[in-house]
Amino acid sequence: MNMAMKIPVVVLSGFLGSGKTTLLIKLLEEAAARGLKPGVLMNELGKRDIDGELISRSTSTRFPLEKMLDGCICCTKKDEIQAALTGLLQQDPDLLLLELTGVANPEEIVEQLAEPGLLSKLYLHRVITLVDAEHALEYNSLFASDKQLVRTLRSQLSAADDLIINKTDLIPPVHSGKVTEMVRKYNAEGQVHYAVNANIPLASLFSTIRPVSRRLPQVTAAAGSSSRGSRSPFQIVQPHQHLPATPTSASGGEAPTSYSRINTISLPIREPLQIPVSKLERFIKKWSPGLLRAKGYVRFSQPKKSAYLMQYSGKRFNWEAMDYDGPLYLVLIGYRLPEPLIAEEWAMLR
């Protein structure tokens, strides 16, 4: 297929709570404003789909959406990527937006895009990695003993064309400088952006993307550009060794995942909670510093109002009233969380 007729792919990477879904919503809005039809592939570690529900409610534009739940797209769910992307391509998108889990290695995804079944239909337009400016340095220390997770975090930086140092409103300038230094240690060439709420100029990202119906088959120039002029569409930047793509180990079993000791716990809520918000927040905070992210849909018995979307990231809570009548639940994502103890205390709390 002529390069101009291939579908561009934008990969959104970054650790838990860095702002990927916020950026995805902005990209969807920008695509709609430009008359482009995006296809979206979202991956979540847990069995519950919260972010997919959120972006569907946050934009008035309808778009093809594929969801991969209960595993990471770069390892345990790798075999499902081709089928998911093929399903999106059948709906004639102008571009594809891939939001990875917070513990995915984007280099593995780039390798998958280069598989023969996809290489003739897609090209890698951009890898964008978001960095939580407030906690990035803290995470480096927290995970220092976990070599697999450290490699994944470094790969998120080194593989990026664009690095968004996000949440800069929460840190002083001197801290911002240290985060930039850390980012540059693993990626000296990518374009660095500083942002609040993942708000960056998007014009350059979309400047070469056209609706499929208006592309000219005879055009042979590369349809996408990268901030790294010498980088080919599927060249992987890998100054550090990363996990092998083949899911086997020396013992014959499965290879370790990209997220190692990160685990996800889903806590069901079968009826409105009888406790105040403050008590629920104390329960969630109790599992720090291992708790990295929490989210879910919650309803309280008093006062009787709409359901709430609860998000906990960077040690902060955000509550948003929602017109939502689906299942209620909480999802906790963290590092070596004690699942049996959390489940036991959750049952006693309610």
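Against the test of being under 30 Å from Gln148 (Cβ atoms) and at pLDDT 80 or above, the options Thr248, Thr264 yield a single qualifying residue, Thr264. The set of residues from the range 136-179 being under 15 Å from the mean Cα position of the chain (by Cα) and closer than 17 Å to Val196 by Cβ comprises Asp162, Leu163, Ile164, Ile165, Asn166.
Restricting the first member to the range 169-196 and to residues that are touching a residue at least 60 places away in the same chain (Cβ under 8 Å), and the second to residues that are surrounded by fewer than 16 Cβ atoms within 10 Å (Cβ to Cβ) and β-branched (Val, Ile, Thr), the beta-carbon pairs closer than 9 Å and six or more apart or on different chains are Leu170/Val196. Selection over the range 302-335 of residues that are at pLDDT 90 or above and assigned to a loop (DSSP other than H, G, I, E, B) gives a count of 0. In the range 30-50, the qualifying residues are those that are under 10 Å from Lys67 (Cα atoms) and either in a helix (DSSP H, G or I) or charged (D, E, K, R) (or both), and the one that is modelled with the lowest pLDDT is Asp49. Given the criteria under 21 Å from Tyr329 (Cβ atoms), surrounded by fewer than 20 Cβ atoms within 10 Å (Cβ to Cβ) and modelled with pLDDT of 65 or more, does Arg57 qualify? When the stated conditions are applied, Arg57 passes them. Set side by side, the residues Leu124, Leu170 differ, and just one is in contact with a helix residue (DSSP H, G or I) (Cβ under 9 Å, 6 or more places away or on another chain) and assigned by TED's automatic domain parsing to the domain that holds Gln82, which is Leu124. Scanning the range 136-167 for residues being at pLDDT 95 or above and among the aliphatic types (A, V, I, L, M) gives a total of 6.
Restricting attention to the range 13-29, the residues that are in a helix (DSSP H, G or I) and more than 8 Å from the chain's Cα centre (by Cα) add up to 8. Which of the residues spanning the range 269-301 are under 30 Å from Asp146 (Cα atoms) and not in a helix (DSSP H, G or I)? Across the range 269-301, the qualifying residues are Lys286, Trp287, Ser288, Pro289, Gly290, Leu291, Leu292, Arg293, Ala294, Lys295, Gly296.
The values are calculated or read from the model by the stated rules, or taken from the named source; none is laboratory data. Small disclaimer: the values here were computed from a predicted structure and weren't measured. All Cβ positions, glycine included, derive from the backbone under ideal geometry; neighbour counts span all protein chains shown.
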